[in-house]
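Presented below is the structure to which this report refers.
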Amino acid sequence: MNILWDFDGTLFDTYPIYTNSFKQILGNIPEKVIYQQLKISYTHAVNYFQLTEEQTKRIKEIDKEVTPKDIRPFPDVEKVLQFANLNVIMTHNTRKEVENILTHYQWGHYFKEIVTIDNGFPRKPHPASYKYLHQKYDLDLIIGDRELDILAGKNLNIKTCLFQNNQAGADYYLSHYKDFFQLMQYIK
């Protein structure tokens with residue numbers, strides 16, 4: 001099985017860290033509300049909270065203080081990475097950010113290719129990066145935590161799986177990676 005992975009919120013539980021960054025700037029906004037908006041997208045959250053350019057800059061400065069050891073992978077996701085024939089990543093993060101985290105966990109060998117914002121593809125849900133990876137690796141499954149992670153896959157007729165998100169539109173849903181192998185009986 002060849003799997004395309006989203007990074008934030010799919011492989012690594014980064015949203016609590018980003019929520020904390022926003023919370024430091026927004027003050028009395030409940031963390032749950034911040035988290036919900038970030039799960040749609042970072043840009044959406046910036047617009048939703050009507051952040052100024054200065055506030056956005058301060059959030060990015062706070063995020064720069066985060067180290068790879070602060071970012072944890074989801075439980076049991078490594079078992080799925082080990083199972084797959086091939087794994088690739090498509091993320092809006094920078095290559096340096098992703099590689100630093102993968103190096104910290106010694107996970108670089110699990111991924112045949114990592115497509116980041118640095119590659120110059122249009123942002124998700126535009127299908128260009130997915131099409132590139134699918135033509136190169138004949139993908140069987142896309143796993144992401146947001147609708148925008150799976151939309152391009154649906155357009156390319158690739159099976160999709162939403163992680164910790166029950167929004168309509170995916171072929172499969174997972175709350176915990178320990179359940180991935182039960183799901184396997186339905187995939188392919």
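Proximity of backbone amide H atoms, modeled 1.01 Å from N, is registered between ASN87 and ILE3, LYS112 at under 5 Å, excluding neighbours fewer than 5 places apart on the same chain.
Summed over qualifying helices (DSSP H, 4 residues or more, each -39500 (n - 2.57)) and divided by its residue number, the chain shows a 222 nm mean residue ellipticity of -12500 deg cm²/dmol.
A cut-off of 5 Å between modelled amide H atoms, ignoring neighbours fewer than 5 places along the same chain, links THR160 with ILE142, ASP171, TYR172. For the pair ALA128 and HIS104, the difference between a 0.36 nm per residue extended length and the Cα-Cα distance amounts to 5.7 nm. Could you report the stretch 72-172's accessible area per residue, 1.4 Å probe, as an integer in Å²? Dividing the accessible area of the stretch 72-172 by its residue count gives 49 Å².
Counting charges near LYS79 (Lys, Arg +1; Asp, Glu -1) among other residues having Cβ under 14 Å from its Cβ returns a value of -2. What the Cβ-Cβ distance of ALA168 and ILE117 gives, at R0 = 25 Å and to the nearest 0.05, is a FRET efficiency of 0.35. Of all lysines in the structure, those lying under 28 Å Cα to Cα from LYS69, and not within fewer than 8 positions of it along the same chain, are LYS23, LYS32, LYS39, LYS57, LYS60, LYS79, LYS96, LYS112, LYS124, LYS178. Across the chain, the relative contact order, built from alpha-carbon pairs under 8 Å that are at least six residues apart, equals 24 percent. Of the GluC sites (Glu not before Pro) found in the stretch 1-72, those that fall in a DSSP loop while having at most 15 other beta-carbon atoms within 10 Å are GLU65. Which whole DSSP H helices in the chain pass both tests: a Cα extent of 18 Å or more along the axis and a mean Kyte-Doolittle value no lower than -1.0? Long hydrophobic helices here: none detected.
Placing pseudo-labels 7 Å out from each Cα toward the beta carbon at LYS96 and LYS32 gives an inter-label distance of 3.8 nm. With the simple model of a label 7 Å out from the Cα in the direction of the Cβ, GLN55 to GLN82 spans 4.5 nm. Simple spin-label estimate for LYS178 and GLN135 gives 4.2 nm between the two label positions (7 Å along the Cα-to-Cβ direction from each Cα).
The values are calculated or read from the model by the stated rules, or taken from the named source; none is laboratory data. These figures come from a predicted structure and were not determined experimentally. A quick note on method: Cβ atoms are made from the backbone with ideal geometry, for glycine too, and the neighbour counts reach across all protein chains shown. Please note that ligands, DNA and RNA were not included when accessible areas were found on the heavy atoms of the full protein model with its side chains. Shrake-Rupley method; radii C 1.70, N 1.55, O 1.52, S 1.80 Å.
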